[in-house]
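Worksheet: one structure, shown below.
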């Protein structure tokens, strides 16, 4: 008994002098979101390491995983709607505009997700020529300022949802006075009708490539070879309206001598202000969206396979990747403005690498850096971008459309020829 009392008394005295245990600080929801975005912009390391570097709060990787499970995807969607605002300025970046219209592209891509039990149980894998695909897929649809590769809106979901379904969430988020360029997947009467309904009479324009088998009735032929046409809009419940657009048809000859046909619809009806050949040639700007996806997958993510282990966190990761490209786009535009060139002349990857080094320098130096030292570091950073990130003018060239392992009528790709030159386009009057 004496030993027991002595032991209990000793423990009480030790407890009286021991420090009061405190609950370790936890990251708030906004800090989790910004930490995840910052994590996407780093070349290596874990989310816990990067979040601690950014916010100064240490949490384990498992704690981050648990906290992310409680974050709804809608939170990331609200962050994107608030953060993704137009970037290009008509006076500073006039090449990002077409006759005063902000040039935007809308397109989709797919991402692979890891084969964890949580993902495999929710997402089926697509069938291939041999077996099922190696990974399940998520679909991402983005609206991007083509001149600066800056995202304006994004929506992600399992690949079972089509691009038009996801695009329906984005039409209303596009800024006024925008010219949206779309490929043939979006160039359908129902999709264009849906977009115009979402714009609710706002000053918006579109240029969409259209499939050759869609029938339209000619209302008025215009002097530049285009025509005003009307197309019935059909949905499951029947005809819902008539789409009135201007149709442009053209025939082209590539630099290798092969011919191709083009068909476009636009709601820019004035043939004097917007000549048919000018509109047909300007459609090539849509390729900038493909370059944006290249930067997103190869330069920022470094892979087409996401790192998350659940569907919900994979959707969060996609939203963070899109927001990360917006961060780089702002730095890229500022660098281009300082160099007096178009943003496309500045390398996305080299800006990203230089900015990563700048962040690391400030993270390691911390409060020990004086204002003069910070100013000197930023000046060296700007000089490095000027010397290394400036790209030469793009070459006009054409490469054949082919695949290495064809599954359809596409020719098999055996070589990689590239021919310099400019394709010729001739407007064809509608019959």
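Computed from the coordinates by the stated procedures, all read-outs in this text should not be read as laboratory data. The shown structure was predicted, so the numbers you read here are calculated from the model rather than taken from an experiment. Here the Cβ positions follow ideal geometry from the backbone for every residue, glycine too, while neighbour counts run over all protein chains shown.
Percent of C-alpha pairs per 10 Å bin in region 46-168, short distances first: 11, 26, 31, 23, 8, 0. With neighbours defined as other Cβ atoms within 10 Å of a residue's Cβ, the residues 206, 97, 362 order from fewest to most as 362, 97, 206.
Each pair of Cα atoms in region 179-239 enters the Kirkwood radius, and Stokes-Einstein at 25 °C and 0.890 mPa s then converts it into a translational diffusion coefficient of 189 µm²/s. Based on C-alpha pairs under 8 angstrom that are at least 6 apart in sequence, region 82-301 has a relative contact order of 16 percent. Relative to the longest principal axis of the Cα atoms of the chain, the long axis of helix 348-365 lies at roughly 20 degrees. On a per residue basis, the convex hull of the C-alpha atoms belonging to region 82-301 measures out at 184 Å³. Packing, as the average of other Cβ atoms within 10 Å across residues, places the peptides 425-431, 103-109 in the order 103-109, 425-431, highest first.
Among the listed options (1) 31.3; (2) 21.5; (3) 24.5, the one matching mean projected area of the Cα convex hull in nm² as calculated from these coordinates is (1).
Ellipticity at 222 nm from helices only: DSSP H runs of n ≥ 4 in the chain, each -39500 (n - 2.57), divided by the residue count, give -11500 deg cm²/dmol.
The Cα atoms of region 184-334 give a gyration tensor whose axes a ≥ b ≥ c have a/c of 1.5 or more with a/b greater than b/c, which makes the shape prolate. The overall shape of region 72-111, judged from the alpha-carbon gyration tensor, is oblate: a/c is not under 1.5, and a/b is no greater than b/c. For the options 369, 138, 306, a Gaussian network treatment of the chain with springs between C-alpha atoms closer than 10 Å singles out 369 as fluctuating the most. If R0 is 30 Å, the Cβ-Cβ spacing of residue 116 and residue 173 corresponds to a FRET efficiency of close to 0.40. Take 251-261, 182-192, 35-45 and order them by the average number of nearby Cβ atoms within 10 Å per residue, most first; the result is 182-192, 35-45, 251-261. Helix 2-17 axis versus longest C-alpha principal axis of the chain: approximately 50°, rounded to the nearest ten.
Mean silhouette area of region 23-71, derived from the convex hull of its C-alpha atoms and averaged over all directions, reads 3.2 nm².
Sorting the Cα pairs of region 45-90 by distance into bins of 10 Å, from 0 upward, gives 22, 33, 32, 11, 2 percent per bin.
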